[in-house]
1. Sequence gap at least 6, Cα distance under 8 Å: using those rules, report the relative contact order of the range 162-227 to the nearest whole percent.
2. For the pair residue 178 and residue 9, what calculated FRET efficiency results from E = 1/(1 + (r/R0)^6), where r is the Cβ-Cβ distance and R0 = 45 Å, to the nearest 0.05?
3. Helix 203-214: angle to the longest alpha-carbon principal axis of the chain, degrees 0 to 90, nearest 10?
4. Using the alpha-carbon atoms, what tilt in degrees (0 to 90, nearest 10) does helix 20-30 show relative to the longest principal axis of the chain?
5. Give me the number: length gained by fully extending residue 196 to residue 221, i.e. 0.36 nm times residue separation minus the C-alpha to C-alpha distance, one decimal in nm.
6. Tell me the angle of helix 111-121 to the major Cα principal axis of the chain, expressed in degrees between 0 and 90 and rounded to the nearest ten.
7. Using Cα pairs closer than 8 Å and at least 6 residues apart in sequence, work out the relative contact order for the chain, in percent.
8. Rounded, prolate or oblate: which one fits the chain, using the alpha carbon gyration tensor with axes a ≥ b ≥ c (rounded when a/c is under 1.5, else prolate when a/b beats b/c, else oblate)?
């Protein structure tokens, strides 16, 4: 699936001239935490969120200036930060408070890429652009909804037999560093997968193996068996 498959198309936007008060009203009215900023041609030029309104002079939450430090470089950096904080807390329009360096994705970007981006950048949403124009937005909620609506791949009309299920599971686990389980410790009977683990195997590894089994086409149920000694391979 790609960005165009899950994105919200009718995106609520603001312009650089939108007032901070109108922005706050818009966020509250629609129950959203951020909006893209576009110009008259729908070109994306920024993004603004509730975090940009967190420290405002109207609410007495603006950041307090710190005493300038002695070293000139530290002082220069400090002055820059203080000026930015003042702009955020006293600015009257979206242009004053918005983030201009916007992280975006293309309409052809895959969901795995988008999920990694949201996670690594610790952001809640990412605008979708085509030729610089805003065409949609993908949020964490969009990805969650994609899980619900995703369809399982259609396979053969004939349900896979036990041998096919076992071969598919072994193929999935092959070369996985966490899949510390011998082939002899996997048995399939009547579409039920039986897994044997030693009691010293980490819980996360056992859970990952179970999930791999549950996602194997044809599997109806997974039963896990824990033994108190390491299982020796059977040849």
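1. 38 percent
2. 0.70
3. So the inclination is approximately 70 degrees.
4. Helix 20-30 sits at roughly 30 degrees to that axis.
5. Full extension of this stretch gives 7.5 nm more.
6. Long axis of 111-121 versus the principal axis of the chain: about 50 degrees.
7. The value is 18 percent.
8. The shape class here is prolate.
Only the coordinates and a few stated rules stand behind these numbers; no lab work does. These numbers come from a predicted model, not from an experiment. We place every Cβ from the backbone using ideal geometry, glycine too, and count neighbours over all the protein chains shown.
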